[in-house]
Amino acid sequence: MTSTAQELHPAPTLEPGRTILELKGLEKRYPGTHALKPVNLAFKSGEIHAIVGENGAGKSTLIKLLTGVMPRTSGDVIWEGKPEALATPHEAMALGINAVHQEVVLCRHLTVAANMFLGEENSRYGILQQRAMVKDAQKIIDDLGFDLPAHVVLGDLTIGQQQLIAAARATVRGTKFLIFDEPTAYLTRKEADQLFKLIRRLKGEGVTIIYISHRMEEVFELADRVSVLRDGTLVGTRNIAETNDAELVKMMINRSIEQVYHKEHFTPGAMIVEAKNLSGKGFENVSLSVRAGEIVGLYGLIGAGRSEFVTTLYGRHRKSAGQILWEGKPVQVNSEHDAIRLGMALAPESRRDQGLCLNLPVGLNLNLPIYKRISSNMLISGAKEKAEADRQIAGLRIKTPTRSALASSLSGGNQQKIVIGKWLAHGAKLFIFDEPTVGVDVGTKAEIYRLFGALLSKGAGIILISSYLPEVYELADTLHVFRRGKLVATHGFRTANHEDILTQALAEKQEKLGGQK
Amino acid sequence: MSTEAIAAEKPKRNYNALFGLTLLALLVLLWVILSVATQSFASGNNISNLLRQGSMIAILAVGQTFVIITGGIDLSVGAVVGFATVIAAMLINAGVPVFLAILITLLVGVAIGLFHGFGIVKMGLPPFIITLATLTSLRGIGLLMTNGNSISINNDAFQEFSRSSFVGVPNLFWMVILVGIPAYIFLHHSRWGRYLFSVGSNAEASRLSGVNVQRTIYMAYTLSGLCAAFVGVLLASRIGIGNPTQAEGWELQAIASSVIGGTSLFGAVGSVHGPLLGAFILATINNGANLLNVNAFWQRIITGVLIIVIVYFDGLRRRGK
């Protein structure tokens with residue numbers, strides 16, 4: 001642990017108010033990563049406690065531990081004075097710990113009322129009392145001041161409305177401790193106001209609220225205290241009245257430039273790709289270009305439109321307007337096939353969903369894009385297949401017993417090397433890396449960054465998407481900032497400071513200023 | 001670090017072969033037991049008969065396996081077999097040369113497979129639904145075409161084929177080899193085979209890696225339709241009639257053979273030798289039960305229990321590594 005972390009880590013100040021939940025040295029390790037380093041923290045009844053931090057800072061790990069979704073590695077959880085195991089979600093709920101997730105986890109095909117009472121239905125002689133349940137649900141919803149019907153099917157409501165129902169549901173279960181994980185991500189301002197009213201009301205009833213958000217203004221609007229996580233470490237806890245935007249941002253970002261960032265500078269060469277006023281689903285009017293030997297970083301929050309932009313560039317989704325130029329010539333990219341033929345390669349955001357065939361061998365995954373080349377007519381050359389796979393495994397130092405081991409048996413970092421490695425033999429000119437180091441340990445990160453340098457030296461260009469600011473900051477020659485589907489700012493290598501970039505990616509304030517022109 | 005890599009789990013490379021050997025051992029064990037338990041099992045006549053019984057399901061199971069590897073299912077194969085007997089019978093009786101009649105029947109199977117691919121890829125229908133729909137409609141179309149009657153095939157040479165043997169092995173079994181070897185090369189040594197696995201494992205990852213997912217799905221169902229039509233030709237030859245209600249429930253036997261042979265219904269796991277062995281294990285059980293005078297109804301129960309036991313143990317081993 002660095003000395004800065006020690007300084008920033010004062011004992012949480014306890015004001016009068018009963019401590020309901022205390023964490024003592026709570027810790028979580030995964031194979032290869034230390035997701036949460038020992039955390040000491042006490043939550044009081046009736047407080048709204050915000051938790052902020054960058055993606056991957058350990059917020060979701062903390063929630064999963066508190067709600068019993070995952071077991072902790074070590075440490076104690078003291079609930080109302082007694083140590084608790086919190087081994088299952090059921091146990092957490094029995095204590096009164098509930099969570100409202102960013103994505104609604106309810107049954108879309110059931111009615112609002114059925115969802116509200118899911119698992120504790122009102123029944124007489126085994127027959128559901130449907131009408132009574134709808135009436136009760138409607139009463140709860142009305143009491144909360146939500147203008148929503150209880151008898152409709154949940155899926156007919158907007159995502160925001162569903163989120164409100166999820167919140168309302170959590171309130172009827174004897175909840176004493178309620179966790180909100182980025183609840184406003186999909187809400188309109190009006191829906192958010194209704195949610196805040198609910199949260200304040202719960203606070204008045206003595207419920208402890210954990211509020212996780214990227215939006216600073218919400219934290220300052222709602223919270224009593226705020227804790228900052230960074231790289232799995234609790235950096236500090238502040239009373240909201242005694243802190244400000246700038247301090248929190250400073251605490252969120254690791255200022256020490258780690259040795260892992262290995263940056264090689266090359267003279268930018270010929271233009272590889274140019275997007276001109278490109279629009280599509282999730283982003284609009286984005287213009288940017290990539291030259292040989294250059295890393296172009298795209299920074300922003302999840303959902304800011306970066307992934308949508310690159311998948312459209314790659315032909316996975318249709319563009320609605322704009323133009324793509326490849327090596328100076330206008331091209332149509334209607335499918336991934338077109339993109340790959342031009343010389344693009346995409347290492348997508350989600351290893352599990354988009355990157356790997358998990359229950360197939362490492363070798364097959366590595367060779368998937370190049371089977372055409374290693375087979376003559378239709379038959380695969382077994383020797384070439386083996387040689388190509390072994391070459392990538394050795395070159396990338398993928399830790400696998402053999403090329404025939406299943407991809408699922410490898411660690412996250414080694415899986416990521418496969419996702420990247422399969423494009424190396426293909427000989428692409430433009431490499432798109434979407435969050436290449438999520439869930440990857442520091443050592444593998446450094447290897448991946450070194451690989452970037454090797455690709456650039458061969459005249460390739462790279463688009464690097466990351467939600468982790470130091471990564472794009474230290475590696476990108478050109479850094480574009482995305483917010484809500486728009487490219488809002490562009491910087492050169494280390495020309496802006498972290499605070500400014502983060503503000504551009506997050507702040508509503510900036511948007512209001514921009515709106516006035 | 002390197003020791004860690006070596007200490008990690010043993011390669012799974014031999015798993016498929018090992019599983020195949022286990023199935024083969026089971027088959028041999030069954031044969032040995034039946035040879036001892038009954039007098040007639042080991043007779044040349046009975047063995048030939050058993051090979052004939054198992055051959056047609058075996059060929060169906062190979063086509064079915066291609067589809068299951070992509071994560072789909074083809075419920076129509078039994079109906080395609082019945083329909084193909086009608087097409088073949090009508091063409092031959094109409095005086096079309098046998099060679100051409102067979103070719104046209106096979107093309108009909110291809111067309112049905114293409115239609116399945118179209119329904120799944122273009123109309124977005126689940127494989128279960130589109131193939132269930134063709135299962136029932138093909139039987140209906142066949143009944144309309146034949147007015148519900150069987151068509152006797154008046155071509156002795158055509159029927160002679162399925163009854164004859166070549167170097168002591170029934171012709172029908174030679175057909176399994178004829179289908180099995182190219183199928184094996186296709187699945188395990190061609191890039192199309194690799195794509196079947198990758199699409200079944202993760203269609204999105206395959207697409208982003210440049211695999212033509214739609215074409216792969218078309219191909220799987222087309223091959224299944226082709227295998228089914230081929231079996232239809234063989235069946236027409238064997239029973240000498242065209243009848244759309246033939247091969248009732250064969251789709252389930254084909255799926256059972258495939259699953260017993262180690263194919264995972266979740267996709268991306270399967271082989272060619274597995275379903276072949278699975279089909280002959282089922283045929284042996286049926287044949288043996290007949291010889292032992294076990295009530296025919298028991299055969300169905302035994303098949304059901306066997307599916308549960310084999311798939312359960314296979315799942316245990318996969319999970320337990």
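Derivation of every value follows stated rules applied to the coordinates shown; laboratory data play no part. As the structure is a prediction and not an experimental result, all values here were calculated from the model. Backbone-built Cβ (ideal geometry, glycine too); neighbour counts: all protein chains shown.
Tabulated data
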item	result
Region A:187-283, Cα convex hull volume normalised per residue, Å³	194
Extension gain, A:Ala270 back to A:Asp76 (0.36 nm per residue minus Cα-Cα distance, nm)	64.1 nm
Cα-only radius of gyration and Dmax that characterise region A:108-172, units Å	11.1, 36
Difference of contour (0.36 nm per residue) and Cα-Cα distance, A:Thr188 to A:Glu221	10.2 nm
Folded to 0 to 90 degrees: helix A:412-421 orientation relative to chain A principal axis, Cα	30
Inter-centroid distance (Cα atoms) of region B:41-114 relative to region A:308-334, Å	46
Choice from B:Arg207, B:Arg52, B:Arg163 showing the highest fluctuation, given a GNM over chain B with Cα pairs closer than 10 Å	B:Arg207
Full-extension gain in nm, B:Ile129 to B:Leu178, via 0.36 nm per residue minus C-alpha separation	14.5 nm
Dipole-positive endmost among B:Gly142, B:Thr38, B:Ala157 within chain B (Cβ charges, Cα centre)	B:Thr38
Anchor A:Lys372: lysines whose Cα lies under 27 Å away (excluding residues fewer than 8 positions away in-chain)	A:Lys329, A:Lys384, A:Lys386, A:Lys399, A:Lys417, A:Lys422, A:Lys429, A:Lys458, B:Lys12, B:Lys122
Region A:351-427 - convex hull of alpha carbons, volume per residue in Å³	84
Debye equation applied to the C-alpha atoms of the protein assembly as shown, log10 I(q)/I(0) at 0.04, 0.10, 0.11 Å⁻¹	-0.24, -1.18, -1.29
Under 5 Å, built H, 5+ apart or other chain: amide partners of B:Gly261	B:Gly278
Residue mean of other protein chain beta carbons inside 10 Å, B:129-139	0
Peptides ranked, highest mean first, by Cβ atoms within 10 Å: ranges A:75-85, A:171-181, A:466-476	A:466-476, A:171-181, A:75-85
Residue of B:Ala283, B:Ala228, B:Ala61 that the Gaussian network model of chain B assigns the largest fluctuation, springs spanning Cα pairs under 10 Å	B:Ala283
CD proxy at 222 nm, helix term only [per DSSP H run n ≥ 4: -39500 (n - 2.57); per residue of chain B; nearest 500]	-25500 deg cm²/dmol
Taking A:His317, A:His480 and counting other C-beta atoms within 10 Å, the order from fewest to most	A:His317, A:His480
Among A:Leu358, A:Gly395, A:Leu410 the positive-end extreme of the charge dipole of region A:351-427 (Cβ point charges)	A:Gly395
Förster radius 51 Å - calculated FRET efficiency between A:Lys384 and A:Thr490, Cβ distance, rounded to 0.05	0.75
Furthest towards positive pole of dipole, A:Ile140, A:Ala454, A:Gln163, structure part the protein assembly as shown, Cβ charges	A:Ala454
Residue-averaged 222 nm ellipticity for chain A, from DSSP H runs of 4+ at -39500 (n - 2.57), nearest 500	-9500 deg cm²/dmol
Inter-chain shielding of B:192-205 (mean C-beta neighbours from other protein chains, 10 Å cut-off)	6
Exposure proxy ranking, count of Cβ atoms within 10 Å, fewest first, for B:His273, A:His498	A:His498, B:His273
Förster-model FRET efficiency, 45 Å R0, B:Ala94 and A:Val438, C-beta, rounded to 0.05	0.10
Residue with peak Gaussian network fluctuation, chain B [Cα springs, cutoff 10 Å], from B:Val108, B:Val272, B:Val231	B:Val108
Residue mean of other protein chain beta carbons inside 10 Å, A:373-382	3
Largest-first principal axis extents of the Cα set of region B:135-241 (Å)	54, 41, 15
Sorted by Cβ density within 10 Å, fewest first, the residues A:Lys372, A:Lys445	A:Lys372, A:Lys445
With Cα atoms, 0 to 90° folded angle of helix A:159-171 axis to chain A main axis	40
Against the rule of thumb 2.2 N^0.38 Å, how large the Cα Rg of chain B comes out	1.03
